[in-house]
Every structure is written in C-alpha cells, then in structure tokens.
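The structure appears right after this line, and notes come after that.
The numbers here are math on the coordinates, done by the rules we state, and not lab data. Remember, predicted model here, so these are calculated numbers, not experimental data. Glycine also receives a Cβ, built like all others from the backbone with ideal geometry; neighbour counts cover every protein chain displayed.
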Amino acid sequence: MSREPILQPTADFVDDDRDLRPQRMQDMVGQREVYARLEIAVDAAEKRGDQLGHILFDGPPGLGKTTFATCIPRDLGVNFQIASGAALAAPKDVIPYLTNAEERSVLFIDEIHRLPKAVEEFLYPAMEDFRIDLTLGEGVNARTINMQLKPFTLIGATTRTGLLSAPLRDRFQMREHLDFYTIEELAEIVRRNAGKLRVEIETDAAVEIAGRSRSTPRLANNRLRWVRDYTQSKADGRITLGVARAALEMQEIDVKGLDRQDRKYLETIARVFGGGPVGVEAVAHTMNLTVDTLIDEVEPYLLRSELVVRTPRGRKMTAAALDHLGLGGTASPAAGEQQRSLFG
Ligand SMILES: Nc1ncnc2c1ncn2[C@@H]1O[C@H](COP(=O)(O)OP(=O)(O)O)[C@@H](O)[C@H]1O
Ligand SMILES: [Mg+2]
C-alpha cells in the first residue's frame, strides 16, 4: 500500500488546488440538498456555540468532499487540521491531532476507510465522549489513563463507505453522499473558474468542456486548465468552441468525456474478455492497474453512464459501449467513421 504524506496539522494547509477551490460553501455549485442540510447544521451549531456534529462524506473522487470539508471550518470561523487515513497507521499517529484539536475546531480525515481497525477503535471514545484511553507501561505495570479532549468535529471523507466498519459509520451524526454533477452545473463551474484564471470563454465552449468532463468538477478544472494553455499557445487567448474541441481532441478526450484509460478499460473487456462478464480483478491485472484504481476512479462514471453493468458474474459491456468504441456491428457506422465521431 502506498503511504501518502501526512499534511501537517495546521490551520492554513497547502492546497495545490487553491486557485480554483471554493473557499466558502456558498461559493460551491450544485449539491443543493447536501448544502442546505449542512448550512442548517452549521448555523445551528454557531447559534448554540457548540461544536458541529461529526460528518462523513462519501462519493467518487473529484466531486467536492475535500472542498466541503475545508469550507465548513471557514464558515464556522474555526481552525482545522487535515490528515490522511493512509498515514494514520497506529493510534499514536492520531494522538497529536486529537490533543491539538481546539474547542469546536475541525479535524478532517481524508480516505478514512484506510484507517486500520486499531485506529478506528481508538477513535470511538474520542468521537463519542471526547476522551482517549492511553495505555502507559507494559505487562503487569501497564495502566490505562483517560485523557479528556476538547469538543471537536471530525469530518471524514471516503470513496468507499462499504469499507467503513458499521460502528465507525454510526458515530457520524451526518452522512452525506456526493453525486455527479449536471452539465449545466459543470458549465457554471467552468465559467466561474475561467474568470479566476483570467481567461475569456464563450458560453458554448464552457458547455463543451463540461460535457467532456464526466460529470466531475475536478476533471472540468483539469480540462479547463489544459484548454486555457492550448488557447494561449495556439490561439488568441480567447476560448471558443472550436478551440476547446481542438484542445480536448489533442488530449484524446472524446465526446462522452472518456479518456484513453477509460477506453482502454472498455477495449480490454471487449477484446480480451469478449465483452464480459469478467471479474474486475482480471481486468485490473490485464491493464496493469490496481483494483482500487479501477473501482474508485474508472468504473463509477462508466457504470453511471451505462457503458458497463455489474452482473453476478462480473463486469459486462453494454451495446452503448460497443457503439461508442465503433464495435457495434452492422447497425453502427463503419469503424473509421465512428472513430472520428468519437471526437466530435
Ligand atoms: N461543488 C463545487 N463547486 C465548485 N467547484 C467544485 C465543487 N466541488 C468540487 N469542485 C472543484 O473540484 C476540485 C476537486 O474537488 P475535491 O473537493 O478535491 O474532490 P474530492 O475531495 O471529492 O475528491 C476542487 O478543487 C474544486 O475546484
Ligand atoms: Mg479529496
């Protein structure tokens, strides 16, 4: 398992996405129901002068889990610390975060499904009673002392709620699932972020970038950054529909927003496994990727757009996927034509 660097507990952590990440919940686009519920919880906690209840976010990568988790403490006007579940290998790793937590402050644990069981269990009393049980000494001399913590808020984020143990899940007062964005919402994000990047963009170009971003804000931002570079290098610095299309075609991002890896996944199932059904492990192995990468990053959008379905015997391509790849048989246009139409 790859170890990820732990971000130091600090109020002003370094965010590599800072230029485009909304700083306040009200600046976020979409997720209206989630936003409405969180706004009530934040408002009520502020009115009571209490800590906010613990919150768990889940959903595929790039949909706003970290953004919500970092906007909430700003909205509350409290400090926050950020840690990654992958880096908290033992209870001793999480102790500094807990003892540093100020009253009403937020501790954000990203990838919380990667916490080992011992750390999860250590967190239970911290979450429930703001208390940790420390064992000092060894063997017959060992004794347990209780240490009182300041009341704080734990925010967890995960791409896989299924991997979280039920007792941990149940200790979060709010559980919010983030879903994919509509093209209109993504186009709005692209339009606003073009402004932040100080580049002019035409409305239909923003819609085009949105449509090729797999319903995911992070991808919309990445594509926008690339289109901006392309525009500034190859065109007059203004993003038009034609320029946006040319830039995305150069990156091999097709009209459905699939990139080379997505198409390789579909092609692997088609060519190597006869369209499926096939176990995800076999596909991952053939593509030389981890199962986690496939399940977390590649499959959610392909499943959602019904290019792939899950069956009891494994993954299976749909007719739409065959059509999209130009393997759809007699009813579909010739492969060469289809290949061109993929790009628009
Ligand atoms: N609701 C939103 N409104 C505007 N931008 C968003 C929204 N959600 C995500 N983004 C953008 O997408 C990027 C990735 O989101 P992030 O919160 O890091 O995703 P996650 O933590 O779920 O993987 C953010 O930096 C931000 O710029
Ligand atoms: Mg994140």
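Here are a few things to note about the model shown:
- For region 128-181, GluC sites (Glu not before Pro) are listed when DSSP marks them as loop and at most 14 other Cβ atoms sit within 10 Å of their Cβ; the list is Glu138.
- Distance (nanometres) between label positions extended 7 Å along Cα→Cβ at Ala90 and Arg260: 4.2
- Relative intensity of region 25-177 on a log10 scale, I(q)/I(0) at q = 0.10, 0.13, 0.16, 0.18 Å⁻¹, equals -0.35, -0.57, -0.86, -1.07, per a Debye sum over C-alpha point scatterers of equal strength in the absence of solvent.
- Efficiency of FRET between Glu184 and Arg131 - r from beta-carbon atoms, R0 51 angstrom, step 0.05: 0.60
- Using a Förster distance of 35 Å, the FRET efficiency for Glu138-Ala282 (Cβ separation, nearest 0.05): 0.15
- The chain: radius of gyration and largest Cα-Cα distance (Dmax), Å: 23.0, 78
- Calculated FRET value between Met147 and Asp17, using beta carbons and R₀ = 41 Å, to 0.05: 0.70
- When only alpha carbons are used to place a centre, region 304-319 and region 40-93 end up 35 Å from one another.
- Taking Ile145, Ile253 and counting other C-beta atoms within 10 Å, the order from fewest to most: Ile145, Ile253
- One decimal place: the segment Ile295-Ala44 gains 86.7 nm when fully extended, by the rule 0.36 nm per residue minus the C-alpha distance.
- Comparing Met174, Met250, Met25 in a Gaussian network model of the chain where C-alpha atoms under 10 Å apart are linked, the largest mean-square fluctuation is found at Met250.
- Per-residue Cβ neighbour rank within 10 angstrom, fewest leading, Val78, Val283: Val78, Val283
- Prolate/oblate/rounded label for region 183-250 (Cα gyration tensor, a/c 1.5): prolate
- Note on Ala118 and His177: the extension gain reaches 18.7 nm, defined as 0.36 nm multiplied by sequence separation minus the Cα-Cα distance.
- Angle between the chain longest axis and helix 241-250 axis [Cα atoms, degrees, rounded to 10]: 80
- Partner lysines whose Cα lies under 27 Å from the Cα of Lys316, excluding those fewer than 8 positions away in the same chain, are identified as Lys256, Lys264.
- C-alpha long axis of helix 217-234 to longest principal axis of the chain, angle in °: 50
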